[in-house]
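> Before we start, here is the structure in question, set down as structure tokens.
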Amino acid sequence: MNPSRDRLRIAVQKSGRLSEASLDLLRRAGLSFRASRDKLFLYGENLPVDVLLVRDDDIPGLLLEGSCELGMVGRNVLDEQRLAGAGAVSPQVCTALGFGQCRLAIAMPAELPWDGPASLAGRRIATSYPGLLGQWLREHGIEAEVVVLNGSVEIAPRLGKAEAVCDLVSTGATLAANQLREVETVLESVAVLAQSPRPLPPALAGIGDSLVARIRGVLGGDGARLLMLRAPRSALAEIARLLPAREAPSVLRLDDAPDQVALQALCGRSLDWQHLEALKRLGAHGLMVLNVEQVLA
Ligand code: ATP
Ligand code: ZN
């Protein structure tokens, strides 16, 4: 690592399924940036943070060697490279990011019999994830041949290269189009914010903490709503029980009406009309629901 570096680097996928959502999250965390001429970097204009645009597979390695302090990458890529790597250290997950949901799943041609994992014994399974698949096979005590392919895994059965595949799936449409039936889930994945295992140089530590806190703040605000209402003091306990609140509500005394209180509660996205109607039945009035932009814990 370059000890003189005074700008934090965060790696995101250059072009692919995670790119838009990664950059959008950074923007919502308050970072504005402009592209370098070669389109490899985005320079942070209002924070000492630069965004490195790379292939997603390169992100764990960049974090390991300390070329980047943070990265946004699928858990699938991170876990696969951790299993492939010989070293004991690997990037650490700071938080899941709420996009890039998919699963690493095993699928078989619909016409082949399926009677549980034992049906894979002796079969050839095509995958780009030999580490994760190998681990799953060991855990299930199954001996099968892992055929490593770097792309177009789903057509391997039709090409006669394998009888089964282990590939990323989100809707399942690609599997269906290839007459494959999903039979087992090897890993549930989501994009994560990962951090270099190397200690951050002192000049970057504060920037890193603040960026991670901001990203958590944006995620924490996702779908959150602030509920405000007035209610009889006697109904408080029942109201608190009913609310999908993330933390105990704040209760304010009203000087001009001692038997009434004003209440504020930070609720999850599940707060709906039925909650509001039930609150009204408990005597609540003046109900107001506001969308929450950011939460800084
Ligand atoms: P790169 O050129 O960066 O190597 P790639 O082809 O490996 O791109 P993408 O297809 O853009 O990568 O997928 C990036 C990540 O998006 C995956 O590693 C996974 O975490 C996530 N993802 C979400 N849904 C899917 C899906 N249906 N298929 C593949 N990946 C998915
Ligand atoms: Zn990739």
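The values are calculated or read from the model by the stated rules, or taken from the named source; none is laboratory data. Computed from a predicted model, the values in this text were never measured in an experiment. Counting neighbours? That spans all protein chains shown, and the Cβs are built from the backbone with ideal geometry, glycine included. Side chains are part of the model used for accessible areas, which takes the heavy atoms of the whole protein and leaves out ligands, DNA and RNA. Shrake-Rupley method; radii C 1.70, N 1.55, O 1.52, S 1.80 Å.
> Tell me the accessible surface of Ile59 in square angstrom (1.4 angstrom probe, heavy atoms of protein chains only), to the nearest ten.
My reading of the accessible area for Ile59 is about 0 Å².
> Per residue of the stretch 97-110, in order, report the coupling 6.51 cos²θ - 1.76 cosθ + 1.60 (Karplus, θ = phi - 60°) as ³J(HN,Hα) in whole Hz, putting x for Gly and Pro.
9, x, 9, x, 5, 6, 9, 8, 10, 9, 9, 10, x, 4
> Right, here's the next one. Over the chain, give the accessible area per residue in Å² for a 1.4 Å probe, as an integer.
Solvent-accessible surface per residue comes out at 52 Å².
> Now, a different point. I'd like the carbon and sulfur percentage of the solvent accessible area for the stretch 225-291, probe radius 1.4 Å, heavy atoms only, ligands and nucleic acids excluded.
51 percent
> Just to be sure I understand the model, the point goes 7 Å from the Cα along the line to the Cβ. What's the resulting Ala297 to Leu236 distance in nm?
That separation, rounded to one decimal, is 2.6 nm.
> Tell me, what ³J(HN,Hα) does each residue in the stretch 50-61 have, in order and in whole Hz, if you take phi through Karplus 6.51 cos²θ - 1.76 cosθ + 1.60 with θ = phi - 60° and put x for Gly and Pro?
10, 9, 9, 9, 9, 5, 4, 5, 7, 5, x, x
> Considering only protein heavy atoms and a probe of 1.4 Å, how much of the accessible area of the stretch 102-187 is carbon and sulfur, as a whole percent? Could you put the intermediate results ahead of the total?
On the way: 2010 of 4210 Å².
Ligands and nucleic acids excluded, carbon and sulfur give 48 percent.
> Right, another one. Amide H neighbours of Ala11 under 5 Å, at least 5 residues apart or on other chains, H built in the peptide plane: list them.
Leu52, Leu70, Gly71, Met72
> Given the protein chains as shown and a 1.4 Å probe, how many square angstrom of Arg7 are accessible, to the nearest 10?
That residue has around 70 Å² of solvent-accessible surface.
> Extending each Cα 7 Å along its Cβ direction at Ala262 and Asp57, get the distance between those two points in nm, one decimal.
Computed distance between label sites Ala262 and Asp57 equals 5.8 nm.
> Shape verdict for the stretch 225-291, please, from the Cα gyration tensor: rounded (a/c under 1.5), prolate (a/b greater than b/c) or oblate. Don't skip to the end; give the middle numbers.
Values: a/c = 1.76, a/b = 1.52, b/c = 1.16.
Prolate.
> When the helix-only estimate is applied to the chain (DSSP H runs of n ≥ 4, each -39,500 (n - 2.57), divided by the residue count), what is the mean residue ellipticity at 222 nm, nearest 500 deg cm²/dmol? Don't skip to the answer; put the middle values down first.
Working: 9 runs with 82 residues, N = 297.
It lands at -8000 deg cm²/dmol.
> Further question on the same structure: In Å and whole numbers, how far do the C-alpha atoms of the stretch 102-187 stretch along each principal axis, longest first?
Per principal axis, max minus min of the Cα coordinates gives 31, 24, 21 Å.
> At 1.4 Å probe size, what's the solvent-accessible area of Leu229? Round to the nearest 10 Å².
10 Å²
> Quick check: the angle from helix 202-221's long axis to the longest principal axis of the chain, C-alpha only, nearest 10 degrees?
70 degrees
> Still on this structure, I have one more. So for Val147, Val49, what's the accessible-area order with a 1.4 Å probe, most first?
Numbers: Val147 30, Val49 0 Å².
Result of the area sort, largest leading: Val147, Val49.
> Could you derive backbone 3J(HN,Hα) for the stretch 79-84 from the dihedral phi with the Karplus parameters 6.51, -1.76 and 1.60 (θ = phi - 60°), listing whole Hz in sequence and x where the residue is Gly or Pro?
Residue by residue, the stretch 79-84 yields 5, 4, 6, 5, 5, 6 Hz.
> How much length, in nm to one decimal, is gained on full extension between Arg253 and Tyr43, taken as 0.36 nm per residue of separation minus their Cα-Cα distance?
This chain segment gains 70.7 nm when fully extended.
> Quick query: amide H of Glu184 versus all other amide H atoms, modeled in the peptide plane; which residues come in under 5 Å with a sequence gap of 5 or more or a different chain?
It is Ile106, by chain and number.
> How do Trp136, Trp114 rank by accessible surface area computed with a 1.4 Å probe, from largest to smallest? Let's see the in-between values first.
Values: Trp136 15, Trp114 65 Å².
From most exposed to least exposed: Trp114, Trp136.
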